[in-house]
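The values are calculated or read from the model by the stated rules, or taken from the named source; none is laboratory data. For clarity, every value in this text was computed on a predicted model and none was experimentally measured. Here the Cβ is made from the backbone with ideal geometry for all residues, glycine too, and neighbour counts use every protein chain on show. These accessible areas exclude ligands, DNA and RNA; they are computed on the full protein's heavy atoms, side chains included. Shrake-Rupley method; radii C 1.70, N 1.55, O 1.52, S 1.80 Å.
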Amino acid sequence: MAEPSKVIHVRNVGQEISENDLLQLFQSFGVITKLVMLRAKNQALIQMQDVATAVSALQFYENVQPNIRGRNVYVQFSSHQELAPLDQNQGRGDEPNRILLVTIHHVLYPMTVDVLHRVFSPHGSVEKIVTFQKSAGCQALIQYQSRQSAVTAKSALQGRNVYDGCCQLDIQFSNLDELQVNYNNDRSRDFTNPNLPVEQKGRPSQLDTGNMYGSVGRAAGPPHMGNADAIIAAFGGNLPPGITGENERCTILVSNLNPDRIDEDKLFNLFSIYGNIVRIKLLRNKPDHALVQMGDGFQAELAVHFLKGALLFERQLEVNFSKHATILQGADTREYANSNLNRFNRNAAKNYRYCCSPTWVIHLSSLPQDITEEDIANLVEEHGTILNCKVFEMNGKKQALVQFETEEQATEALVCKHATSISGSVVRISFSQVQNI
């Protein structure tokens with residue numbers, strides 16, 4: 001395996017795959033500084049801002065097969081530590097280009113296409129704008145009609161703030177030749193083609209960052225602003241199919257549970273995959289029912305969407321929003337708000353990206369360094385037939401994948417063995433989106 005680098009090598013890049021497709025594949029992990037299409041070889045090189053963001057991207061795609069327009073692409077570290085102008089046929093480095101790559105730091109207000117157009121249009125005719133939201137700020141590509149306009153804008157605006165004390169512009173010339181814009185909305189705009197649709201029919205829901213961030217002009221965002229940043233970083237504004245991002249109900253009613261085998265901790269282990277848990281209540285008058293209060297409405301929507309109809313302990317779960325806004329604290333409730341096992345207190349964006357329906361493959365992390373595949377099998381084999389087991393190392397830390405015969409078996413292993421201790425290490429288990437090991 002190549003030494004970690006901020007340059008990512010992408011293979012099997014078909015002719016139908018555009019530069020924008022590749023940008024969307026990696027932009028949620030951090031700033032992309034250069035992109036080189038090697039059309040003759042069906043390959044591409046992506047340079048991230050630093051090695052850490054490149055490592056995060058490859059760690060994610062270690063367990064999720066990247067796919068663009070129905071084609072699997074394959075990613076690895078490049079042998080290049082950095083892309084210099086000589087490394088790329090279309091690379092420009094500091095050479096003037098009519099397309100600017102703009103990074104906005106210290107973002108306190110939404111950086112929409114309209115805001116950016118007002119900032120950049122006084123320096124020349126702006127043809128296209130594409131924005132990419134992320135946790136550390138906002139990245140945008142601005143295409144001018146002429147190269148001279150881009151040079152003028154860069155000279156005039158580099159280091160300037162859009163608003164007093166915030167939204168600082170960091171501008172460099174892009175190495176792209178032409179921006180491809182498919183939709184005219186708050187995130188992208190082709191000013192030369194006003195007839196483009198606002199959204200593709202049937203496209204995954206879009207995150208309303210305006211609502212998430214609150215009204216423009218606030219000195220500070222609402223309490224859940226950090227969560228909004230994590231959501232944007234995870235999904236880049238494109239929410240998973242079926243997720244609206246508009247739900248405000250935090251409490252979930254779970255029914256058709258197996259009362260002989262379920263308890264609060266097992267429910268916590270399952271539902272905490274989709275968000276932080278505040279408290280859980282098993283309904284004593286209805287032993288197969290429980291209430292689960294999530295950290296916010298978005299996390300509750302993820303849980304309802306991905307767990308509805310899931311199989312657990314030979315029962316098919318019914319998962320719906322509750323009519324109760326919250327669960328009242330009492331002797332019959334279990335508190336989890338301050339639990340250090342809540343997954344979304346740290347690395348929230350990464351955890352959002354891993355959200356999916358139950359699969360037949362589970363991912364285990366936080367393992368002892370001397371763990372073996374036999375140890376892993378001994379831990380979970382009581383929950384079903386193991387088809388395959390693999391222990392591997394990522395960034396010096398041991399992890400494992402276990403493939404079961406069915407999704408129900410994998411779900412049972414997760415709810416029963418997540419947060420158990422092996423040789424002093426508290427094991428973390430989640431569903432993996434890999435199809436086979």
Exercise. Determine whether I32 is open to solvent by less than 20 Å² (accessible area, probe 1.4 Å) and more than 18 Å from the chain's Cα centre (by Cα).
Key: no
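I'd like the full set of residues that are assigned to a strand (DSSP E or B), of a type in the set (A, V, I, L, M, F, W, C) and either free of Cβ contacts under 8 Å to residues at least 40 places away in the same chain or open to solvent by 30 Å² or more (accessible area, probe 1.4 Å) (or both), limited to region 47-77.
To start, the set of residues in region 47-77 that are assigned to a strand (DSSP E or B) comprises 47-48, 67-68, 71-72, 74-77.
When the remaining residues are screened for being of a type in the set (A, V, I, L, M, F, W, C), the result is 48, 68, 75, 77.
Within region 47-77, just V75 meets the criteria.
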Practice problem: Could you tell me whether F298 is among the hydrophobic types (A, V, I, L, M, F, W, C), open to solvent by less than 20 Å² (accessible area, probe 1.4 Å), modelled with pLDDT under 95 and out of contact with any helix residue (DSSP H, G or I) (no Cβ under 6 Å at 6 or more places or on another chain)? | Solution: yes
Practice problem: State whether one or more residues within region 265-272 are within 28 Å of the chain's Cα centre (by Cα), surrounded by fewer than 15 Cβ atoms within 10 Å (Cβ to Cβ) and touching a residue at least 40 places away in the same chain (Cβ under 8 Å). | Solution: no
Quiz prompt | Single condition A234 does not satisfy, out of (1) over 20 Å from Q293 (Cα atoms); (2) at pLDDT 65 or above; (3) exposed (fewer than 14 other Cβ atoms within 10 Å of the Cβ) | solution = (3)
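Return the residue satisfying two criteria in turn: it lies in region 375-405 and is β-branched (V, I, T) and touching a Phe, Trp or Tyr at 6+ places or on another chain (Cβ under 7 Å), and of such residues it is surrounded by the fewest Cβ atoms within 10 Å (Cβ to Cβ). Break it down stepwise before answering.
First, the residues of region 375-405 that are β-branched (V, I, T): 376, 380, 385-386, 391, 402.
Pick out the ones that are also touching a Phe, Trp or Tyr at 6+ places or on another chain (Cβ under 7 Å) and you get 385-386.
Values: T385: 10, I386: 18.
Only one residue fits best here, namely T385.
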Practice problem: Would you check which residues across region 142-165 are touching a Lys or Arg at 6+ places or on another chain (Cβ under 6 Å) and either assigned to a strand (DSSP E or B) or more than 17 Å from I99 (Cβ to Cβ) (or both) and list them? | Solution: Q143, Y144
Quiz prompt | Neighbours by Cβ (under 7 Å, 6+ apart or cross-chain): first from region 24-42, part of a helix (DSSP H, G or I); second of a type in the set (F, W, Y) | solution = Q27/F132; S28/F235
Quiz item: Would it be correct to say that L291 is buried (at least 17 other Cβ atoms within 10 Å of the Cβ) and touching a Lys or Arg at 6+ places or on another chain (Cβ under 7 Å)?
Solution: yes
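Per-residue answers, yes or no, for (1) open to solvent by 40 Å² or more (accessible area, probe 1.4 Å); (2) under 21 Å from T33 (Cα atoms); (3) modelled with pLDDT of 90 or more:
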site: Y109; (1), (2), (3): no, no, no
site: R118; (1), (2), (3): yes, no, yes
site: H123; (1), (2), (3): yes, no, yes
site: Q143; (1), (2), (3): no, yes, yes
site: T152; (1), (2), (3): yes, yes, no
site: G159; (1), (2), (3): no, yes, no
Quiz prompt | Selection status of R92, modelled with pLDDT under 85, surrounded by fewer than 21 Cβ atoms within 10 Å (Cβ to Cβ), of a type outside the set (F, W, Y) and under 24 Å from K350 (Cα atoms) | solution = no
Exercise. Specify the residue that is nearest to I429 (Cα to Cα); the eligible residues are those in region 330-344 that are exposed (fewer than 13 other Cβ atoms within 10 Å of the Cβ) and not charged (D, E, K, R).
Key: N340
Practice problem: Answer yes or no as to whether I17 is open to solvent by less than 20 Å² (accessible area, probe 1.4 Å), touching a residue at least 40 places away in the same chain (Cβ under 8 Å) and under 30 Å from W360 (Cα atoms). | Solution: no
Quiz item: If you take the residues of region 363-406 that are part of a helix (DSSP H, G or I) and not aliphatic (A, V, I, L, M), which of them is nearest to L311 (Cα to Cα)?
Solution: H383
Quiz prompt | Conditions (1) under 19 Å from A310 (Cβ atoms); (2) free of Cβ contacts under 8 Å to residues at least 40 places away in the same chain: number failed by V415 | solution = (2)
Quiz item: Could you give every pair whose Cβ atoms fall below 9 Å, whose first residue belongs to region 83-111 and is over 19 Å from I8 (Cβ atoms) and part of a strand (DSSP E or B), and whose second residue is aromatic (F, W, Y) and at pLDDT 70 or above, counting only separations of at least 6 or pairs across chains?
Solution: I99/Y144; I99/F173; L100/F120; L100/Y144; L100/F173; V102/F120
Practice problem: Name the single residue, out of those in region 421-437 being surrounded by 14 or more Cβ atoms within 10 Å (Cβ to Cβ) and of a type in the set (S, T, Y), that is nearest to L367 (Cα to Cα). | Solution: S425
Self-check item: Tally, over region 167-221, of residues that are open to solvent by less than 60 Å² (accessible area, probe 1.4 Å), more than 24 Å from the chain's Cα centre (by Cα) and at pLDDT below 80
Solution: 2
Quiz item: How about region 266-297: which of its residues are under 10 Å from R334 (Cβ atoms) and aromatic (F, W, Y)?
Solution: F268
